[in-house]
């Protein structure tokens, strides 16, 4: 039997057919280009809002920390067709996220924070957050307090206590308080959190930061702190009065944390 050829009416390879490797290269290049465009647009957006170089660095590091997760979600969304939602799950009241620390009424919950954890405590005045602070301090080699009035805390033996005092009253030992931006606070916390063993970071000054600067800057600092705690084996506990911001901003703040109480 003779080999088929175009003259015998056999189908010939079209000049417009794209080889598989070329098709892959085009798709990869298109995705690469779109990623660069998206990153540049985000940088331009943050720059237009007047962020400093230090704040831009924090924003970039926070985004890089979540990049692998975003890429994986994008990959899964391209491979799997969208699923039709079940009506019963849509109509059912949402269940609150279960915190990894379950408080027991009338008992001592001993709310110790684990390495990498972040918790937001909604309260008018620091109280439950201080319980987390005191109970968790023995598990970390250093404790960092970011507050207008750093709370009284006697750290366990061998635990280093560091203070970042904000506002106008200064620290108990007479040192003057500082007017730091959220970006500068992130710079102060980088060294203690990246030291061996990490650090337990306590913050009760978000209301002050959001008032003195902007909520966007404060939220970006929170995202950086949460990511920093995960990556360095540190822990973050924040006391916050939810009456100080509107519901939309409160929701954005709560979504930044692993646990909200």
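The values are calculated or read from the model by the stated rules, or taken from the named source; none is laboratory data. For clarity, every value in this text was computed on a predicted model and none was experimentally measured. In this analysis, Cβ positions are derived from the backbone assuming ideal geometry, glycine residues included, and neighbour counts consider all displayed protein chains.
In region 242-261, of all residues being out of contact with any helix residue (DSSP H, G or I) (no Cβ under 8 Å at 6 or more places or on another chain) and more than 11 Å from residue 222 (Cα to Cα), the one that is surrounded by the most Cβ atoms within 10 Å (Cβ to Cβ) corresponds to 259.
Okay, residues lined up against (1) at pLDDT 75 or above; (2) under 27 Å from residue 229 (Cα atoms); (3) assigned to a helix (DSSP H, G or I); (4) in contact with a strand residue (DSSP E or B) (Cβ under 9 Å, 6 or more places away or on another chain):
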| residue | (1), (2), (3), (4) |
| --- | --- |
| 17 | no, no, no, no |
| 32 | yes, no, yes, no |
| 37 | yes, no, yes, no |
| 42 | no, yes, yes, no |
| 50 | no, yes, no, no |
| 56 | no, yes, yes, no |
| 64 | no, yes, yes, no |
